[in-house]
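Taking it in order: structure first as structure tokens, then the write-up.
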Ligand code: 6PG
């Protein structure tokens, strides 16, 4: 695990964008394509905008295949949709071909959407063990990542897959890659900035293992590498 700590949000975003470009170009040189699972929420929007502007010519985007680490069970036109956020910030500005984009089909019920997405991922990887080149992740104030929320059954999955998750407190469903599938990735990168995240960062990286309370502790790549991209504020409660 590599911890990258930067002065501010802009430095974090630039460093992660450069990391994204490096992995993309290595994967394309090696395999002719780059598969990435995007994170949702608010933090990555600026990263996607940066990739679509300053790094527009740094990658052959026709060889990039976009998936989602998780999705809210809302229509793709909803302001809560991770797909819509990525479409606005990245896909449309870069004119990405529709066949390079794998959104979660939220027009289905959450269970069916999860099953279909799992089948689409397996098909993309020719029924070999799915292993994304890069999985981007964020971190919630409650130490969730993707939609692996505290005290949810998906935390106990042992085989790679995609699951629907019901959030009792919000009375909503999410669809998420589970930890075994995320951990099959070649590269995993956490993007976390802002002081509101400091205690969660401390819990996940320094507290004793308690995956029920700190689900992001489940993220440990089997063969790949993992890096955290933090600003000083998010790293402010790290003792080491
Ligand atoms: C989502 C995400 C989720 C996110 C964290 C952090 O769909 O919300 O994938 O895991 O990364 O909730 O969200 P913020 O970046 O908005 O703080």
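Of the residues making up segment 85-94, those that are surrounded by 15 or more Cβ atoms within 10 Å (Cβ to Cβ) and either assigned to a loop (DSSP other than H, G, I, E, B) or more than 12 Å from the ligand (Cβ to nearest atom) (or both) are 87, 88, 89, 90, 91, 93, 94. Against the criterion of being at pLDDT 95 or above, away from the ligand (no atom under 12 Å from the Cβ), closer than 25 Å to residue 116 by Cα and surrounded by fewer than 19 Cβ atoms within 10 Å (Cβ to Cβ), residue 56 does not qualify. Residues in segment 30-44 that are crowded, with 16+ Cβ neighbours inside 10 Å and more than 8 Å from the ligand (Cβ to nearest atom) were compared, and the one that is farthest from residue 144 (Cα to Cα) is 33. A Cβ distance below 6 Å, combined with a sequence gap of six or more or placement on separate chains, defines the contacts here; from segment 64-79, residues that are outside any strand (DSSP E or B) reach residues that are within 8 Å of the ligand (Cβ to nearest atom) in the pairs 69/39; 69/146.
Residues in segment 95-146 that are within 16 Å of the ligand (Cβ to nearest atom), in a helix (DSSP H, G or I) and closer than 27 Å to residue 52 by Cα: 117 alone.
Residues in segment 178-199 that are in contact with a strand residue (DSSP E or B) (Cβ under 8 Å, 6 or more places away or on another chain) and not in a helix (DSSP H, G or I): 178, 185, 186, 187, 188, 189, 190, 191, 192, 193, 194.
The values are calculated or read from the model by the stated rules, or taken from the named source; none is laboratory data. Note that the structure is predicted; figures quoted are calculated from it, not measured. Because the Cβ atoms are built from the backbone with ideal geometry, glycine has one as well, and the counts that use them run over all protein chains shown.
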